[in-house]
Amino acid sequence: MTSAPSAPGDGSDLHARARAYGIQPQYDLVGGAVHDAPDETLRGLLEAFDADTLPPLASEPCLTAPAGAQCHVPGQGRHWGIALQLYQLRSDRNWGIGDFGDLHVLAGHAAQAGAAFLGLNPLHAMFLADPSRCSPFSPSNRRFLNPLYLAVDQVPGFRADMADAAVLEDLRAAELVDYPGVAAAKLSALRAIWSAGASLPDDFVAQGGDDLRRHALFEVASAAMVDAGHGAGWLGWPKAWRDVDGDAMRQMAQERADDVAFHMWLQYLCQSQLQALRDRCRDLGMAIGLYLDFAVGEAADGSGSWGSDIVLPDVRIGAPPDYFNEQGQDWGLAPLSPVAMAATRAAPFRDLIRHATRQAGALRIDHAMGLWQLFLMPKGAGAADGTYARYPLEDMLSALAEASRQNRTTIIGEDLGNVPPGFREVMEACRILSYRIFFFERREDGFIPPADYPRDALACLSTHDLPTFRGWWKGDDVALRQRFGFISDAAATEQRDARTVERADLLADLVAAGLLTGDVAAGIDPTDAPTTLTIAVHRHLASAPSRLFAVRLEDLAAELHPVNVPSTVDEYPNWRRKLSMPLDDLVATALFRDLTGGLAAERPIEPNAV
């Protein structure tokens with residue numbers, strides 16, 4: 001098998017070798033500028049791809065849609081739903097973190113208001129032995145679920161004396177989710193239920209196979225390593241413990257068989273409660289039901305990469321410099337090997353996506369461009385030094401479409417950021433819905449009218465990485481980017497000036513649409529967004545022809561602060577902010593009633609529109 005030839009005029013054997021493995025010596029930035037990847041980056045990625053022993057790609061991947069690879073889409077209706085971060089929910093019965101029981105309650109209110117779906121943050125398995133690692137987009141394993149979302153009080157066998165009522169009250173009252181406290185309380189009660197004689201169905205274990213056993217063994221080993229001071233992730237463990245098939249792990253699996261079974265049982269509970277929630281959405285008449293989220297990668301030291309020969313733990317996924325971060329972004333996630341994906345016709349991805357769609361009426365693919373290329377950084381390189389590597393797009397899309405049709409799951413691709421020319425056309429050909437965020441849909445003369453949004457899309461104002469509507473209106477997001485050094489003072493001034501123009505454009509559009517009067521618009525203060533404006537802008541965007549529209553629960557609650565500031569770790573309480581009011585109070589507010597009523601008027605339920 002021969003390597004791909006060098007690009008005309010580059011004269012570099014290193015560049016030719018990199019291209020043979022899908023690694024791009026040059027790439028395009030947002031705006032069209034071309035950036036050269038450092039030679040050291042190319043060498044580092046070739047080493048990580050094991051290029052000295054593995055053959056190169058059979059051919060350069062092409063940005064084309066495979067014939068017949070079309071995903072399931074809902075019928076002719078225009079649906080709307082509520083998007084939320086599950087951990088944010090407050091209630092009088094949860095244990096300091098939103099759970100599947102809270103979702104049962106919210107589903108009832110949402111369905112009554114006319115919503116077709118509940119959109120959730122990724123529910124992937126995290127690190128139970130280190131609950132402080134709480135970003136749902138940096139999971140330990142995308143194949144399994146996070147037991148911290150279990151409604152423990154609804155698990156068969158639970159008794160009130162298995163939990164400390166005072167501890168639970170403190171966890172509920174905390175402004176931020178106390179992940180270690182929540183984990184301690186829930187795992188203690190769940191252990192008590194398990195010890196009292198809970199059973200693990202044999203068929204669930206058989207269906208989970210080696211992946212389930214490995215994940216459960218990882219959790220047992222991870223807890224033991226934390227107790228020994230080594231950390232929850234396997235990259236920090238002693239050499240003997242890093243080998244999932246070694247003597248140390250075989251011995252642990254035998255000696256701690258009950259603990260391994262306990263963690264498999266936790267996954268059984270998670271799957272059971274999630275399935276019950278999907279059944280409830282169906283029984284309530286919600287056309288789509290659960291809209292789940294699939295992260296772009298996994299933590300390098302999690303159970304998904306432990307013992308894996310398809311994950312690259314020494315390579316990190318990120319993004320090149322852009323408008324929001326002039327230094328680029330390092331997401332700290334380990335990618336699937338592009339070489340392994342090409343050699344196996346994307347079989348590992350096929351398995352992952354098949355499981356992800358089983359209980360999802362819709363599934364959002366985080367950073368959908370990863371089906372084609374990912375921005376990768378080898379060990380020792382920073383975000384500004386990364387480059388793109390190509391994946392076997394046709395195989396990835398075929399796997400995605402197959403799972404979508406089999407499970408009748410609508411696929412939404414997060415096509416934001418540095419979108420390659422032609423990629424959205426491929427998505428359209430495969431019936432993958434585009435992800436259109438109002439804040440980004442602008443031309444030189446103002447916001448793109450919602451009437452011009454594509455039919456095959458999900459439209460929304462904002463998402464988890466962006467400000468709430470109130471925060472955007474005030475310009476808090478610009479202040480945060482400047483405060484954390486992601487943009488220069490000059491860029492911050494430019495962005496604040498741009499926001500002034502954007503506010504004026506939005507008000508003019510809402511007046512033209514008849515959603516605000518000129519007098520009302522003129523009286524709106526730039527330092528905060530009144531509820532009349534929040535309702536008007538949502539109705540404006542919901543008028544788009546796009547198949548789906550999502551309203552954030554934070555905007556229904558008039559929240560100000562964002563749930564996440566990208567590229568921060570400890571500087572901001574990411575993924576920990578709760579809503580400012582309990583769920584029962586939130587759904588009783590005038591804003592919830594009037595905003596959902598406006599969406600129902602714009603997007604009424606249509607018979608047989610699934």
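Assess whether ARG90 counts as being within 22 Å of the chain's Cα centre (by Cα) and charged (D, E, K, R). Considered against the rule, which asks whether it is within 22 Å of the chain's Cα centre (by Cα) and charged (D, E, K, R), ARG90 comes out as yes. Being surrounded by 22 or more Cβ atoms within 10 Å (Cβ to Cβ), under 20 Å from the mean Cα position of the chain (by Cα), of a type outside the set (Val, Ile, Thr) and part of a loop (DSSP other than H, G, I, E, B) is not true of GLY119.
To keep it simple, each residue is scored yes or no on (1) within 26 Å of ASN574 (Cα to Cα); (2) of a type outside the set (D, E, K, R).
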site	(1), (2)
SER404	no, yes
THR409	no, yes
GLU414	yes, no
ILE437	yes, yes
PRO449	no, yes
ASP452	no, no
ALA459	yes, yes
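Remark: pairs (first residue in segment 227-247, more than 16 Å from ARG133 (Cα to Cα) and modelled with pLDDT of 95 or more; second residue buried (at least 16 other Cβ atoms within 10 Å of the Cβ) and hydroxyl-bearing (Ser, Thr, Tyr); Cβ separation under 8 Å; 6+ apart in sequence or on different chains) are absent. For segment 353-409, what are the residues that are assigned to a strand (DSSP E or B) and either over 19 Å from GLU425 (Cα atoms) or in contact with a Gly (Cβ under 7 Å, 6 or more places away or on another chain) (or both)? Scanning segment 353-409 gives ALA362, LEU363, ILE365, PHE375, LEU376, MET377, PRO378, THR387, TYR388, ALA389, ARG390. Summed over segment 194-221, residues that are buried (at least 19 other Cβ atoms within 10 Å of the Cβ) and either without any contact (Cβ under 8 Å) to a residue 60 or more places away in the chain or within 14 Å of LEU128 (Cα to Cα) (or both) total 8. Checking each residue in segment 536-578 for being touching an Asp or Glu at 6+ places or on another chain (Cβ under 6 Å), part of a loop (DSSP other than H, G, I, E, B) and of a type in the set (Gly, Ala, Ser) picks out only SER543. Find all pairs meeting these conditions: Cβ atoms under 8 angstrom apart; at least six residues apart or on different chains; first residue within segment 563-587 and buried (at least 19 other Cβ atoms within 10 Å of the Cβ); second residue of a type in the set (S, T, N, Q) and not in a loop (DSSP other than H, G, I, E, B). Sorted first by the residue in segment 563-587, then by its partner, the pairs are VAL563/GLN88; PRO566/GLN329; SER567/GLN329; ARG577/GLN88; LYS578/GLN88; LEU579/GLN88. Within segment 327-347, is even one residue surrounded by fewer than 20 Cβ atoms within 10 Å (Cβ to Cβ), at pLDDT 95 or above and either in a helix (DSSP H, G or I) or within 18 Å of the chain's Cα centre (by Cα) (or both)? For segment 327-347, residues surrounded by fewer than 20 Cβ atoms within 10 Å (Cβ to Cβ), at pLDDT 95 or above and either in a helix (DSSP H, G or I) or within 18 Å of the chain's Cα centre (by Cα) (or both): present. Could you tell me whether ASP465 is modelled with pLDDT under 95 and not in a helix (DSSP H, G or I)? Answer is yes for this residue. When ARG481 is tested against the conditions (1) part of a loop (DSSP other than H, G, I, E, B); (2) closer than 26 Å to ALA83 by Cα, the lone failure is (1). Within segment 222-234, can one find any residue that is crowded, with 17+ Cβ neighbours inside 10 Å and hydroxyl-bearing (Ser, Thr, Tyr)? Yes, the conditions are met somewhere in segment 222-234. Considering THR527, THR500, THR531, THR517, the condition of being more than 25 Å from VAL569 (Cα to Cα), polar (S, T, N, Q), at pLDDT below 95 and surrounded by fewer than 16 Cβ atoms within 10 Å (Cβ to Cβ) is satisfied by THR527 alone.
When ALA299, ALA257 are checked against the criterion of being in contact (Cβ under 8 Å) with a residue 60 or more places away in the chain and out of contact with any helix residue (DSSP H, G or I) (no Cβ under 9 Å at 6 or more places or on another chain), a single residue qualifies: ALA299. All told, ALA65 falls short of being outside any loop (DSSP other than H, G, I, E, B), of a type outside the set (Asp, Glu) and in contact with a Cys (Cβ under 9 Å, 6 or more places away or on another chain). Under the condition of being crowded, with 18+ Cβ neighbours inside 10 Å, farther than 22 Å from ARG436 by Cα and either at pLDDT 95 or above or among the basic types (Lys, Arg) (or both), the residues counted in segment 358-371 number 0.
If the condition is being modelled with pLDDT of 95 or more, outside any loop (DSSP other than H, G, I, E, B), over 17 Å from PHE49 (Cα atoms) and in contact with a Phe, Trp or Tyr (Cβ under 9 Å, 6 or more places away or on another chain), then segment 281-326 contributes CYS281, GLY289, LEU290, TYR291, ASP293, ALA299. Checked against (1) closer than 30 Å to HIS72 by Cβ; (2) over 23 Å from the mean Cα position of the chain (by Cα), PRO582 meets all criteria but (1). Looking at segment 593-610, is at least one residue crowded, with 19+ Cβ neighbours inside 10 Å, on the phi > 0 side of the Ramachandran plot and over 20 Å from the mean Cα position of the chain (by Cα)? Within segment 593-610, none of the residues are crowded, with 19+ Cβ neighbours inside 10 Å, on the phi > 0 side of the Ramachandran plot and over 20 Å from the mean Cα position of the chain (by Cα). In segment 464-482, the residues that are touching a residue at least 24 places away in the same chain (Cβ under 8 Å) form Cβ pairs under 6 Å with partners that are of a type in the set (Lys, Arg) and not in a loop (DSSP other than H, G, I, E, B), at six or more places apart or across chains, as follows: GLY475/ARG496; GLY475/ARG499. When ALA491 is tested against (1) part of a helix (DSSP H, G or I); (2) of a type outside the set (Asp, Glu); (3) more than 23 Å from GLU444 (Cα to Cα), only condition (3) is not met. Here the condition is being outside the structural domain of LEU269 (by TED's automatic domain parsing) and modelled with pLDDT of 95 or more; of GLY114, GLY81, it holds for GLY81 alone. When ARG316 is tested against (1) among the basic types (Lys, Arg); (2) closer than 27 Å to LEU84 by Cα; (3) buried (at least 20 other Cβ atoms within 10 Å of the Cβ), exactly one condition is not met: (2).
The listed residues are ALA221, ALA184, ALA129, ALA189, and the only one of them that is assigned to a helix (DSSP H, G or I), within 19 Å of ALA300 (Cβ to Cβ) and among the small types (Gly, Ala, Ser) turns out to be ALA221.
Considering (1) buried (at least 18 other Cβ atoms within 10 Å of the Cβ); (2) under 25 Å from the mean Cα position of the chain (by Cα), the lone condition that TRP237 does not fulfil carries the number (2).
The single condition among (1) in contact with a helix residue (DSSP H, G or I) (Cβ under 8 Å, 6 or more places away or on another chain); (2) within 23 Å of ARG603 (Cβ to Cβ) that GLY446 does not meet is (2).
The values are calculated or read from the model by the stated rules, or taken from the named source; none is laboratory data. Being a predicted model, the structure only gives us computed values, none of them experimental. Virtual Cβ from ideal backbone geometry, glycine too; neighbours counted across all protein chains shown.
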